[in-house]
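A.B. asks: Sharing a structure, written as C-alpha coordinates. Questions coming.
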Amino acid sequence: MNFEITEPKTLPLETNGHVLSFSGKTEAEVYFIAGIPQVSGVAYDCGVCDERPKYRVTDTAIEVENPCPYPDGLTTEITLEVPSGKIVVTDDLRLYRYDDTGFASYNSALGQAQAIQAMAAAGCAYGPVGNTCPGLYRTGPDTYVVARPGYDEDDNPDLPEDDSLAGIVTDLWAYSIADFEHWKSRGGDPETLGWTETVVDITPGTYRFTHHTGERDFDPDAPGAVVFAHVERIA
Ligand SMILES: [Zn+2]
(Lines give C-alpha, C1' and ligand atoms only; values in the text may rest on other atoms or scores of the structure.)
Protein backbone atom coordinates (compact mmCIF):
# COMPACT_ATOMS: atom_id res chain seq x y z
CA MET A 1 0.00 0.00 0.00
CA ASN A 2 1.04 3.52 -0.73
CA PHE A 3 0.10 5.75 2.21
CA GLU A 4 1.37 8.89 0.59
CA ILE A 5 -0.54 12.08 1.46
CA THR A 6 -0.60 14.52 -1.45
CA GLU A 7 -0.52 18.32 -1.32
CA PRO A 8 -4.02 19.85 -1.29
CA LYS A 9 -5.20 21.54 -4.45
CA THR A 10 -8.25 23.66 -5.20
CA LEU A 11 -10.57 22.53 -7.98
CA PRO A 12 -14.06 23.46 -9.22
CA LEU A 13 -16.76 21.55 -7.32
CA GLU A 14 -19.61 19.98 -9.31
CA THR A 15 -22.21 19.09 -6.68
CA ASN A 16 -24.66 17.12 -8.87
CA GLY A 17 -27.56 19.04 -7.31
CA HIS A 18 -26.52 18.70 -3.66
CA VAL A 19 -26.13 21.65 -1.30
CA LEU A 20 -22.70 21.33 0.25
CA SER A 21 -22.12 25.00 1.03
CA PHE A 22 -24.71 27.56 2.08
CA SER A 23 -22.45 30.37 0.98
CA GLY A 24 -22.52 28.95 -2.53
CA LYS A 25 -18.88 27.90 -2.84
CA THR A 26 -18.06 26.63 -6.31
CA GLU A 27 -14.61 25.28 -5.42
CA ALA A 28 -13.22 22.92 -2.80
CA GLU A 29 -9.85 21.59 -1.70
CA VAL A 30 -8.87 18.01 -2.28
CA TYR A 31 -5.92 15.89 -1.24
CA PHE A 32 -5.36 12.16 -1.39
CA ILE A 33 -4.50 9.67 1.34
CA ALA A 34 -3.41 6.36 -0.17
CA GLY A 35 -5.16 7.32 -3.39
CA ILE A 36 -8.52 8.10 -1.70
CA PRO A 37 -9.76 11.68 -2.24
CA GLN A 38 -10.36 13.80 0.85
CA VAL A 39 -12.47 16.85 0.07
CA SER A 40 -12.37 19.72 2.56
CA GLY A 41 -13.97 23.13 2.91
CA VAL A 42 -17.53 21.95 2.29
CA ALA A 43 -20.17 20.13 4.36
CA TYR A 44 -19.94 16.39 4.97
CA ASP A 45 -23.61 15.87 4.13
CA CYS A 46 -26.02 17.54 1.71
CA GLY A 47 -28.13 20.24 3.39
CA VAL A 48 -31.18 19.08 1.44
CA CYS A 49 -31.12 15.25 1.17
CA ASP A 50 -28.68 14.52 4.06
CA GLU A 51 -26.72 12.09 1.84
CA ARG A 52 -22.94 11.98 1.91
CA PRO A 53 -21.41 12.84 -1.45
CA LYS A 54 -19.34 10.19 -3.23
CA TYR A 55 -16.49 12.09 -4.84
CA ARG A 56 -14.70 11.41 -8.11
CA VAL A 57 -11.74 13.67 -8.76
CA THR A 58 -10.50 14.37 -12.26
CA ASP A 59 -7.65 16.59 -13.38
CA THR A 60 -10.06 19.51 -13.76
CA ALA A 61 -12.84 19.08 -11.20
CA ILE A 62 -14.20 17.49 -8.04
CA GLU A 63 -17.40 15.73 -9.08
CA VAL A 64 -20.13 14.18 -6.93
CA GLU A 65 -21.18 10.83 -8.43
CA ASN A 66 -24.52 10.33 -6.65
CA PRO A 67 -27.13 12.90 -7.77
CA CYS A 68 -29.23 14.80 -5.24
CA PRO A 69 -32.77 13.35 -5.29
CA TYR A 70 -34.19 16.84 -4.55
CA PRO A 71 -32.40 19.26 -6.90
CA ASP A 72 -35.16 21.86 -6.39
CA GLY A 73 -35.29 21.31 -2.65
CA LEU A 74 -38.46 20.33 -0.83
CA THR A 75 -41.88 21.94 -0.55
CA THR A 76 -43.82 20.23 2.22
CA GLU A 77 -47.61 20.09 2.20
CA ILE A 78 -49.71 18.91 5.13
CA THR A 79 -53.35 19.30 6.12
CA LEU A 80 -54.79 20.31 9.47
CA GLU A 81 -58.39 19.58 10.44
CA VAL A 82 -59.97 22.49 12.33
CA PRO A 83 -63.52 21.34 13.13
CA SER A 84 -63.75 23.70 16.13
CA GLY A 85 -63.07 26.88 14.18
CA LYS A 86 -60.41 27.80 16.72
CA ILE A 87 -56.67 27.25 16.52
CA VAL A 88 -53.99 27.66 19.14
CA VAL A 89 -50.86 29.28 17.72
CA THR A 90 -47.43 29.30 19.35
CA ASP A 91 -43.86 28.10 18.84
CA ASP A 92 -44.01 24.83 20.78
CA LEU A 93 -47.27 23.11 21.76
CA ARG A 94 -45.34 20.49 23.78
CA LEU A 95 -48.28 18.05 23.82
CA TYR A 96 -47.44 17.06 20.25
CA ARG A 97 -44.31 14.99 19.79
CA TYR A 98 -42.97 12.56 17.19
CA ASP A 99 -40.49 9.71 17.00
CA ASP A 100 -37.62 10.64 14.69
CA THR A 101 -36.15 7.13 14.50
CA GLY A 102 -34.82 6.64 10.99
CA PHE A 103 -35.30 10.30 10.03
CA ALA A 104 -32.66 12.29 8.19
CA SER A 105 -30.77 14.89 10.24
CA TYR A 106 -32.97 17.80 11.33
CA ASN A 107 -30.21 20.02 9.90
CA SER A 108 -31.30 18.92 6.41
CA ALA A 109 -34.38 19.95 4.47
CA LEU A 110 -35.37 16.28 4.25
CA GLY A 111 -35.18 15.82 8.03
CA GLN A 112 -37.29 18.94 8.56
CA ALA A 113 -39.85 17.75 6.00
CA GLN A 114 -40.07 14.41 7.85
CA ALA A 115 -40.60 16.28 11.13
CA ILE A 116 -43.36 18.41 9.55
CA GLN A 117 -45.14 15.29 8.24
CA ALA A 118 -44.80 13.45 11.57
CA MET A 119 -46.17 16.41 13.54
CA ALA A 120 -49.06 16.72 11.08
CA ALA A 121 -49.87 13.03 11.62
CA ALA A 122 -50.04 13.80 15.35
CA GLY A 123 -52.46 16.68 14.70
CA CYS A 124 -50.16 19.70 14.74
CA ALA A 125 -49.21 21.99 11.85
CA TYR A 126 -45.54 22.57 12.55
CA GLY A 127 -42.66 24.09 10.65
CA PRO A 128 -39.19 25.54 11.21
CA VAL A 129 -38.77 29.31 10.87
CA GLY A 130 -35.20 29.89 11.99
CA ASN A 131 -34.42 32.55 14.55
CA THR A 132 -37.12 34.96 13.41
CA CYS A 133 -40.23 36.14 15.21
CA PRO A 134 -42.89 35.54 12.57
CA GLY A 135 -46.61 35.94 12.85
CA LEU A 136 -49.78 34.46 11.47
CA TYR A 137 -51.28 36.97 9.03
CA ARG A 138 -54.64 36.93 7.29
CA THR A 139 -54.27 37.36 3.51
CA GLY A 140 -57.87 36.69 2.43
CA PRO A 141 -61.21 35.32 3.63
CA ASP A 142 -59.80 31.84 4.42
CA THR A 143 -56.13 32.24 3.57
CA TYR A 144 -53.18 33.03 5.83
CA VAL A 145 -49.41 33.09 5.87
CA VAL A 146 -46.84 32.36 8.54
CA ALA A 147 -44.39 35.11 7.70
CA ARG A 148 -42.07 37.72 9.04
CA PRO A 149 -42.48 41.21 7.63
CA GLY A 150 -39.85 43.32 6.00
CA TYR A 151 -39.42 46.93 7.11
CA ASP A 152 -38.85 50.11 5.14
CA GLU A 153 -36.42 52.89 6.13
CA ASP A 154 -39.01 54.28 8.57
CA ASP A 155 -39.50 50.86 10.22
CA ASN A 156 -42.96 50.41 8.72
CA PRO A 157 -43.74 46.69 8.19
CA ASP A 158 -44.78 45.56 4.71
CA LEU A 159 -47.37 43.18 6.17
CA PRO A 160 -50.29 45.18 7.65
CA GLU A 161 -50.30 44.93 11.43
CA ASP A 162 -54.11 44.91 11.30
CA ASP A 163 -53.86 41.51 9.57
CA SER A 164 -51.62 40.02 12.26
CA LEU A 165 -53.57 37.42 14.21
CA ALA A 166 -50.79 35.96 16.33
CA GLY A 167 -47.12 36.59 17.01
CA ILE A 168 -44.85 33.59 17.41
CA VAL A 169 -41.85 33.76 19.72
CA THR A 170 -39.14 31.48 18.48
CA ASP A 171 -37.51 29.79 21.44
CA LEU A 172 -38.01 26.60 19.40
CA TRP A 173 -37.33 28.26 16.00
CA ALA A 174 -40.66 26.89 14.79
CA TYR A 175 -44.42 27.44 14.68
CA SER A 176 -46.94 24.97 16.06
CA ILE A 177 -50.65 25.30 15.30
CA ALA A 178 -53.42 22.91 16.35
CA ASP A 179 -57.17 22.74 16.52
CA PHE A 180 -58.12 24.18 19.92
CA GLU A 181 -60.46 21.30 20.87
CA HIS A 182 -57.96 18.67 19.66
CA TRP A 183 -55.30 20.34 21.77
CA LYS A 184 -57.65 20.31 24.80
CA SER A 185 -58.42 16.60 24.17
CA ARG A 186 -54.67 15.94 24.38
CA GLY A 187 -54.57 17.58 27.80
CA GLY A 188 -54.14 21.21 26.81
CA ASP A 189 -55.43 23.53 29.52
CA PRO A 190 -56.74 26.94 28.39
CA GLU A 191 -56.10 28.25 31.92
CA THR A 192 -52.38 27.82 31.39
CA LEU A 193 -52.18 29.68 28.08
CA GLY A 194 -49.62 32.47 28.38
CA TRP A 195 -48.85 35.57 26.39
CA THR A 196 -46.87 33.54 23.85
CA GLU A 197 -49.91 31.45 22.89
CA THR A 198 -52.81 32.86 20.94
CA VAL A 199 -56.22 31.37 20.18
CA VAL A 200 -57.50 32.53 16.79
CA ASP A 201 -61.00 32.10 15.35
CA ILE A 202 -61.03 30.81 11.77
CA THR A 203 -63.65 29.18 9.54
CA PRO A 204 -64.09 25.51 10.54
CA GLY A 205 -62.68 23.16 7.90
CA THR A 206 -59.63 21.47 6.45
CA TYR A 207 -56.54 23.64 5.97
CA ARG A 208 -53.55 22.99 3.75
CA PHE A 209 -50.17 24.25 4.97
CA THR A 210 -47.52 24.61 2.27
CA HIS A 211 -44.14 24.99 3.94
CA HIS A 212 -41.33 26.63 1.96
CA THR A 213 -38.10 26.70 3.99
CA GLY A 214 -36.72 23.56 2.28
CA GLU A 215 -37.00 25.04 -1.19
CA ARG A 216 -33.78 25.63 -3.03
CA ASP A 217 -34.41 29.33 -3.61
CA PHE A 218 -35.84 30.05 -0.15
CA ASP A 219 -33.96 33.00 1.34
CA PRO A 220 -34.63 33.71 5.03
CA ASP A 221 -32.66 36.95 4.77
CA ALA A 222 -34.47 38.30 1.71
CA PRO A 223 -35.47 41.96 1.94
CA GLY A 224 -39.18 42.36 2.39
CA ALA A 225 -41.63 39.85 3.82
CA VAL A 226 -40.49 36.23 4.08
CA VAL A 227 -43.29 33.66 3.86
CA PHE A 228 -42.50 30.42 5.68
CA ALA A 229 -45.85 28.79 4.97
CA HIS A 230 -49.01 29.47 3.01
CA VAL A 231 -52.22 28.36 4.69
CA GLU A 232 -55.53 27.94 2.89
CA ARG A 233 -58.89 26.35 3.62
CA ILE A 234 -59.46 23.54 1.11
CA ALA A 235 -62.64 21.91 2.46
ZN1 LIG B 1 -28.59 16.28 -1.81
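A.B. asks: Rounding to the nearest 10 and keeping the result within 0 to 90°, find how far the Cα-based axis of helix 109-122 lies from the longest principal axis of the chain.
C.D. replies: 30
A.B. asks: If packing is taken as the average count of other Cβ atoms within 10 Å, what order do 100-109, 177-186, 154-163 fall into, highest mean first?
C.D. replies: Most protected by this proxy first, the peptides run 177-186, 100-109, 154-163.
A.B. asks: Taking R0 as 25 Å, what FRET efficiency do you get between SER185 and ASP158 from their Cβ-Cβ distance, rounded to the nearest 0.05?
C.D. replies: E between SER185 and ASP158, to the nearest 0.05, is 0.05.
A.B. asks: Still on this model: Give me the percent of accessible area attributable to carbon and sulfur for the chain, probe 1.4 angstrom.
C.D. replies: For the chain, the apolar C and S fraction of the accessible surface comes to 49 percent.
A.B. asks: Continuing with the same structure: Under the Karplus relation 6.51 cos²θ - 1.76 cosθ + 1.60, θ = phi - 60°, what is the ordered set of whole-Hz ³J(HN,Hα) values for region 78-87, x standing for Gly and Pro?
C.D. replies: Using θ = phi - 60°, the values come out as 9, 10, 10, 7, 10, x, 7, x, 9, 10 Hz.
A.B. asks: Turning to a different aspect of this structure: Compute the accessible area per residue over the chain, keeping the other protein chains in place, probe 1.4 Å, unit Å².
C.D. replies: Averaged over the residues of the chain, the accessible area is 53 Å².
A.B. asks: To the nearest 500 deg cm²/dmol, what mean residue ellipticity at 222 nm is calculated for the chain from DSSP H runs of n ≥ 4 alone, each contributing -39,500 (n - 2.57), summed and divided by the residues?
C.D. replies: Mean residue ellipticity, 222 nm, calculated: -2500 deg cm²/dmol.
A.B. asks: Further question: Of the GluC sites (Glu not before Pro) in region 48-87, which ones lie in a loop per DSSP and count no more than 10 other C-beta atoms within 10 Å?
C.D. replies: Sites meeting the loop and neighbour criteria: GLU65.
A.B. asks: May I ask you to derive the FRET efficiency for TYR106 and ILE5 from their Cβ-Cβ distance with R0 = 41 Å, giving the value to the nearest 0.05?
C.D. replies: Using R0 = 41 Å, I get an efficiency of 0.75.
The values are calculated or read from the model by the stated rules, or taken from the named source; none is laboratory data. Quantities reported herein were computed from a predicted structural model and do not represent experimental measurements. Note that each Cβ is placed from the backbone with ideal geometry, even for glycine, and that neighbours are counted across all protein chains shown. Ligands, DNA and RNA are stripped out before the accessible areas are found, and what is left, the full protein with its side chains, is counted by its heavy atoms. Shrake-Rupley method; radii C 1.70, N 1.55, O 1.52, S 1.80 Å.
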